[in-house]
Amino acid sequence: MEEAVIIEKFKYLGLTDAAGKIYLYLLHQSNSTASEISRDLAISRPKTYEYLSRLVDKGLCTEILGKVKKYAAVNPKTAFTKIQDQVTAEYENTSSVIDKLSEYLLPIFLKPNEHSDPM
């Protein structure tokens with residue numbers, strides 16, 4: 001699959017093009033600094049840190065602490081399983097809220113309207 005298609009698919013996970021490019025970069029160039037990523041991908045350093053933070057939050061990459069902080073991609077199988085679990089949990093939570101609201105609102109809907117005029 002070509003890179004542009006992969007990056008387009010990352011959008012379904014809530015990632016920007018730049019964040020997708022950074023993840024792909026880290027798959028090829030593990031243990032990279034934000035400066036290296038910023039330079040090689042022509043992304044400003046502040047934006048690079050912002051995107052790296054999002055990737056860490058989503059579980060797609062990890063920070064390697066040391067004299068200079070470095071970043072490494074997480075195994076895609078592991079990372080995407082975590083994201084799938086989060087999506088499933090969000091879906092189940094949303095479904096639960098919808099069910100509870102339906103139970104609460106249905107009797108209100110079915111109750112005869114006291115102020116209705118048949119004409």
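Conditions tested, residue by residue: (1) touching a residue at least 60 places away in the same chain (Cβ under 8 Å); (2) touching a Pro at 6+ places or on another chain (Cβ under 6 Å); (3) of a type in the set (Ser, Thr, Tyr); (4) not in a loop (DSSP other than H, G, I, E, B).
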residue	(1), (2), (3), (4)
ILE6	no, no, no, yes
LEU15	no, no, no, no
ALA72	no, no, no, yes
THR78	no, no, yes, yes
ALA89	no, no, no, yes
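Out of the residues in the stretch 22-51 meeting the condition of being aliphatic (A, V, I, L, M), assigned to a helix (DSSP H, G or I) and in contact with a helix residue (DSSP H, G or I) (Cβ under 6 Å, 6 or more places away or on another chain), tell me which one is surrounded by the most Cβ atoms within 10 Å (Cβ to Cβ). Explain how you work it out, then say what you get.
Here is the first cut: in the stretch 22-51, the residues aliphatic (A, V, I, L, M) are 22, 24, 26-27, 34, 37, 41-43.
Next cut, assigned to a helix (DSSP H, G or I) only: 22, 24, 26-27, 34, 37, 41.
Now narrow it down to the ones that are in contact with a helix residue (DSSP H, G or I) (Cβ under 6 Å, 6 or more places away or on another chain): 22, 34, 37, 41.
Values: ILE22: 29, ALA34: 20, ILE37: 22, LEU41: 15.
So the residue we want is ILE22.
Selection of the stretch 30-53 for residues being touching a strand residue (DSSP E or B) at 6+ places or on another chain (Cβ under 9 Å) and on the phi < 0 side of the Ramachandran plot yields SER30, SER32, THR33, ALA34, GLU36, ILE37, ASP40, LEU52.
For the stretch 23-41, does any single residue satisfy the condition of being in contact (Cβ under 8 Å) with a residue 24 or more places away in the chain and charged (D, E, K, R)? No, the stretch 23-41 has no match at all.
Out of GLU103, GLU92, GLU63, which single residue is touching a helix residue (DSSP H, G or I) at 6+ places or on another chain (Cβ under 8 Å), open to solvent by 60 Å² or more (accessible area, probe 1.4 Å), farther than 25 Å from GLU8 by Cβ and acidic (Asp, Glu)?
Details: GLU103 fails: touching a helix residue (DSSP H, G or I) at 6+ places or on another chain (Cβ under 8 Å); GLU92 fails: touching a helix residue (DSSP H, G or I) at 6+ places or on another chain (Cβ under 8 Å).
Only one candidate qualifies: GLU63.
The values are calculated or read from the model by the stated rules, or taken from the named source; none is laboratory data. Remember, predicted model here, so these are calculated numbers, not experimental data. Methodologically, a virtual Cβ is constructed for each residue, glycine included, from the backbone with ideal geometry; neighbour enumeration extends over all protein chains shown. Keep in mind that these areas ignore ligands, DNA and RNA; they rest on the heavy atoms of the full protein, side chains included. Shrake-Rupley method; radii C 1.70, N 1.55, O 1.52, S 1.80 Å.
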